[in-house]
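What follows is a short report on a single structure.
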Amino acid sequence: MRRRSLLWTGFRLGAAAALAAAAGVTYTQVPDAAKAWAHGELTWVKDNVLPTVQSALLWGDPQGGEHGMLRKFPAGYSPPPHTHPSVERVVVISGSIVVSHEGSREKVLGPGSFSEIPANVVHAVRCSESSDCEFLLTSNDRFAIVPAAEQR
């Protein structure tokens with residue numbers, strides 16, 4: 001019984017590491033200090049472009065480098081179709097988001113689901129009506145929201 005428990009623990013840790021790697025979580029340098037924040041200790045700020053959206057920066061620099069942040073959408077919220085200047089990787093933490101991009105059908109992503117949208121690909125996302133959505137967003141460079149209507 002103990003061996004099965006250890007195997008299950010190893011599987012879960014390996015799955016978590018694989019999910020983090022798929023989300024683009026890389027640590028190319030040793031952090032200067034250990035970090036451990038409970039959810040209630042995070043600093044949430046309103047998005048400059050989408051004021052009903054909140055973000056909590058976890059690492060990096062969204063203005064010009066690799067970074068990771070938690071994002072919150074209110075239930076039913078849907079920003080207009082848009083692009084980003086760099087890859088967007090998302091892991092859903094709570095709620096369900098509906099994602100579609102050029103050439104795809106809508107797909108509902110619940111907790112633990114992953115999405116990757118390359119730079120400059122028009123896509124749409126919306127939070128389900130049933131509850132708020134929270135997700136980890138990572139990117140390899142500058143984060144910006146460019147409405148698709150401005151690109152025509």
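The values are calculated or read from the model by the stated rules, or taken from the named source; none is laboratory data. The model shown is predicted, which means the values in this text are computed figures rather than measured ones. FYI the Cβ positions are ideal-geometry reconstructions off the backbone, even for glycines, and counts take in every protein chain you see.
Is it the case that segment 127-142 has a residue that's in contact with a Pro (Cβ under 9 Å, 6 or more places away or on another chain) and exposed (fewer than 12 other Cβ atoms within 10 Å of the Cβ)?
no
Quick one: what pairs do we get from segment 71-85, first residue outside any strand (DSSP E or B), second loosely packed, with under 13 Cβ neighbours inside 10 Å and small (Gly, Ala, Ser), C-beta under 7 Å, 6+ apart or different chains?
Within 7 Å, the pairs are Ala75/Ser130; Pro80/Ala149.
Conditions first: (1) within 19 Å of Val53 (Cβ to Cβ); (2) over 13 Å from the mean Cα position of the chain (by Cα); (3) free of Cβ contacts under 8 Å to residues at least 60 places away in the same chain. Val99 passes all but one, so which condition is the exception?
Only one criterion is unmet by Val99, namely (2).
Please specify each residue of segment 93-118 satisfying the condition of being in a strand (DSSP E or B), in contact with an Asp or Glu (Cβ under 9 Å, 6 or more places away or on another chain) and closer than 23 Å to Gly76 by Cβ.
Ile93, Ser94, Val98, Val99, Ser100, Ser115, Ile117
List the residue pairs whose Cβ atoms are under 6 Å apart, where the first residue sits in segment 119-138 and is free of Cβ contacts under 8 Å to residues at least 60 places away in the same chain and part of a strand (DSSP E or B), the second is buried (at least 16 other Cβ atoms within 10 Å of the Cβ) and hydrophobic (A, V, I, L, M, F, W, C), and the two are 6 or more positions apart or on different chains.
That search, which allows pairs on different chains as well, returns His123/Ile117; Val125/Ile97; Val125/Val99; Cys127/Phe73; Cys127/Ile97; Cys127/Cys133.
Against the conditions (1) surrounded by 14 or more Cβ atoms within 10 Å (Cβ to Cβ); (2) more than 21 Å from Thr52 (Cα to Cα); (3) among the basic types (Lys, Arg), where does Lys107 fall short? Just the number, please.
Every condition holds for Lys107 apart from (1).
Which condition number in (1) aliphatic (A, V, I, L, M); (2) touching a strand residue (DSSP E or B) at 6+ places or on another chain (Cβ under 8 Å); (3) assigned to a helix (DSSP H, G or I) is the one that Ala149 fails?
Among (1) aliphatic (A, V, I, L, M); (2) touching a strand residue (DSSP E or B) at 6+ places or on another chain (Cβ under 8 Å); (3) assigned to a helix (DSSP H, G or I), the lone unmet condition for Ala149 is (2).
So which of Gly64, Gly40 ends up being assigned to a helix (DSSP H, G or I) and modelled with pLDDT of 50 or more?
After applying the criteria, what remains is Gly40.
One line per residue, one yes/no per condition, for (1) hydroxyl-bearing (Ser, Thr, Tyr); (2) on the phi > 0 side of the Ramachandran plot; (3) modelled with pLDDT of 95 or more:
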site: Gly10; (1), (2), (3): no, no, no
site: Ala18; (1), (2), (3): no, no, no
site: Gln29; (1), (2), (3): no, no, no
site: Ile93; (1), (2), (3): no, no, yes
site: Ser96; (1), (2), (3): yes, no, yes
